[in-house]
1. Quick one: compute the contact order of the chain, relative version, from alpha carbon pairs under 8 angstrom and 6+ residues apart, as a percent.
2. Give me the distance in nm between label points sitting 7 Å out from Cα along the Cα-to-Cβ direction at residue 572 and residue 526, one decimal.
3. Can you name the helices of the chain, as whole DSSP H runs, whose Cα span along the helix axis is 30 Å or more and whose Kyte-Doolittle mean is not below -0.5?
4. Sequence gap at least 6, Cα distance under 8 Å: using those rules, report the relative contact order of region 13-172 to the nearest whole percent.
5. Hey, what's the Kirkwood Rh for region 119-213 if you take every pair of different alpha carbons, in angstrom?
6. Work out the charge dipole of the chain with +1 on the Cβ of Lys and Arg and -1 on the Cβ of Asp and Glu about the Cα centre, then indicate which of 448, 629, 88 is farthest towards its positive end.
7. Would you kindly give the portion of the calculated P(r) for region 357-416 that falls above 20 Å, as a percent of all Cα pairs?
8. Counting only heavy atoms of protein chains, what accessible area per residue, in Å², does the chain have with a probe of 1.4 Å?
Amino acid sequence: LFNDLETYSTVPINNGTHAYAEKAEVMLWSYALDDGPIAVWDVVNSRLYDGTTSQPLSPGAMPADLAQALRDTDTLVWFHNGGAFDEVVLRAAMPEVYALVDEDRWRDTMVQAFAHSLPGALDKLGSVLNMADEDRKMADGRRLVLKFCKPDAKGRRATRETDPEDWLRFVQYAARDITVMRRAHKAMPMWNYRASEAALWRLDLRTNRRGFAVDLELAQAAVTTANATQAGMAADVTERTGGEVTSANQRDALLAHILASYGVELPDMRADTLERRLDDPELPEPVKDLLRIRLQASMNSVSKFKTLMRGVSSDGRLRGCMQFRGAGRTGRAAHRMFQPGNLPRPTLSHDMIESAILALKCGALDLVVDKPMQAMSSTIRGAIVAPPGEKLVIADLANIEGRVAAWLAGEEWKLQAFRDFDAGTGPDLYAVAYAKAFNVTPDVVMENKKHGDGLMRQIGKVMELMLQYEGGVSAFLTGAATYGIDLGAMAEAAWPTLPPTVVAEAQGFLDWLYSKAQARYNGAMAAVAEGASQEGPDALLAQLEAAKLKARHGLTEKVFLTCDTLKRLWRRAHPAISSYWKGDFENPGLSIVIKRAINSPGETFICRRLKTRRDGAWLRIQLPSGRALCYPNPKVEADDSISYTGFNQYTKQWGKVYSYGGKFFENVTQAVAADQLFYPMPEIERTGYLPVLHVHDEIVSETPDTDEFTHEELARLMCADLGWNAGLPLAAAGVCTHRCRKD
């Protein structure tokens, strides 16, 4: 049974479905059984329309065929985005109808799409699946939804009586959605949405319905304090600029004032740019003051608190923050509204966060901290609380991606290092990574951490987190931005310890990069000599230097060579992982095996713990769990690169994207990590640890506030032996608390 609802509510949908549903009513219910005709039940006007002609069939309550199908225990009930929307609305607006369907009969074509790396939105899904125009969503559907599904700016409601012609068009739109979802369902595979996955999805629905309790007093206090702080900063900027700029958020005006008044030209107002310039001793202090204000004013922590306040249900809980398999390629969960997977890293200690929360509620945050906006960003996680008589039990899988990567690739020395660390007999892996690359003992690294600057372990951390997916120098830039590492200081400290032979290899690579720019320069100079170009030598020389700077990612030569040398050292220390990206003819890695699979449809290729196969328009990489990563329309291009249809992170559009061995390895590693998080959850829930949220590799559960429930037990359950994960060293740690925190 394919279904779609059109609903009305006075609560904006961007407040979240659960808040929306409390005031919602169902207007139209379109449906079709298997390949049968589409009908539209006009609930508010008690009419039934033919979905093809929009002609009324009969008046009355729920159509008999719809009621019979909902009751039939052999009928699966499909909606598109049903778990996140239609079921929620039906439960609130038509509970007697919702009760007709057993939980295990619900299905969702949006989840089916996400599970196979396709877009969730019906219009995009129709495009990617190359549906005919008549099988896609109606072009003016958005206009009709905005007209009938919410009040207008003056609070008036459009109905069949006020707009009869558009209402019939609205009925056609509702019927068309059934056409699209039915065609999409048939066009998509079901490999990743069979019974076991559907059961996991239903657990996710229960988690979303459960939601988590919110400290609304904290949220309101934070919004009030942020507004007052922003007003104070605006007044400060106005005074410091003589009225030329009235808010630190006026980016262009602030840039112009700094240039005109102090002769300082800034390329942008990005946080990393401003933080770098604040370390410049030559920068005038008045400019630094303006930049500090700008950094504080641009922190958007207050928007998270506003989302919490808008989205909570009447019982003070926020629901619907997770989308099962919504992260696309890997099958991780995506996050909605409050975006709990994108919370800022706390900059304050736990004790300071508690003090800041108390001060916020008293309206006295400025008496406790110097940077109130920054402090508030550290308190956001603390807005998630346990209700009276309950507690939060939280646990996090330790370095799960590093462990999975070593396990998939068969990096045996590293697997043993994890086991030794878990047993308390070995050092942590960041120390081991540095020691392995620099041919020293981990004791040297730990001694440096204990009595030195700790840079050795910090370098090991960046190498571990940034290099296992075939990353190069640019990966260090990402790591530096993420973990606040000064690459210049790192290079100065690491340079004396770098093996000269490996530095020479890095220098040869840089020279090769330079040679391309030099060749273009030589050609341009020859053109000048022949009179074919009017560009001056100074301009061409400036272009050459700019090209060299771009080749080394804007870094100094010393920093570039240091990063490239560390990359080479890490790869030598990880032969199994490095060979897994591509490999060679005798020991093929992922990119070679994937190309063979693409070019040999119907044939299965083994790549260590993975199986790869092309079936029709789909490339599948089967994970140890049995789930598959799916890549539609795979192709080996003329230049030997690999492409498929996917979401381009830069253009934000669906189309042809390109990949390589390291990226595929990242996909499968994160996918296996997601499986390790998801598959123990039924037992975790059954044991009484009720999940209210999961973020990346962490589970936040709610339990009675008794000694029976411990974070050690939750950690043990998360590290379950699932059969397929034999030999994967797992560890987790956590905390029991009444206010959510990140250790």
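The values are calculated or read from the model by the stated rules, or taken from the named source; none is laboratory data. The shown structure was predicted, so the numbers you read here are calculated from the model rather than taken from an experiment. Counting neighbours? That spans all protein chains shown, and the Cβs are built from the backbone with ideal geometry, glycine included. Only protein heavy atoms, including side chains, enter the accessible area calculation; ligands, DNA and RNA are left aside. Shrake-Rupley method; radii C 1.70, N 1.55, O 1.52, S 1.80 Å.
1. Details: 1189 pairs, mean separation 97.9, N = 743.
About 13 percent, as a whole number.
2. Taking the two extended label points, one gets 3.8 nm.
3. On the way: long enough: 164-187 (35 Å, -0.62); 216-240 (36 Å, 0.14); 500-529 (40 Å, 0.20).
The qualifying helices are 216-240, 500-529.
4. So the answer I get is 18 percent.
5. On the way: mean 1/r = 0.0622 Å⁻¹.
Taking the inverse mean of 1/r over all distinct Cα pairs, region 119-213 comes out at 16.1 Å.
6. With unit charges placed on the Cβ atoms, the residue in question is 629.
7. 58
8. Numbers: 32950 Å² over 743 residues.
Roughly 44 Å² per residue, with all protein chains present.
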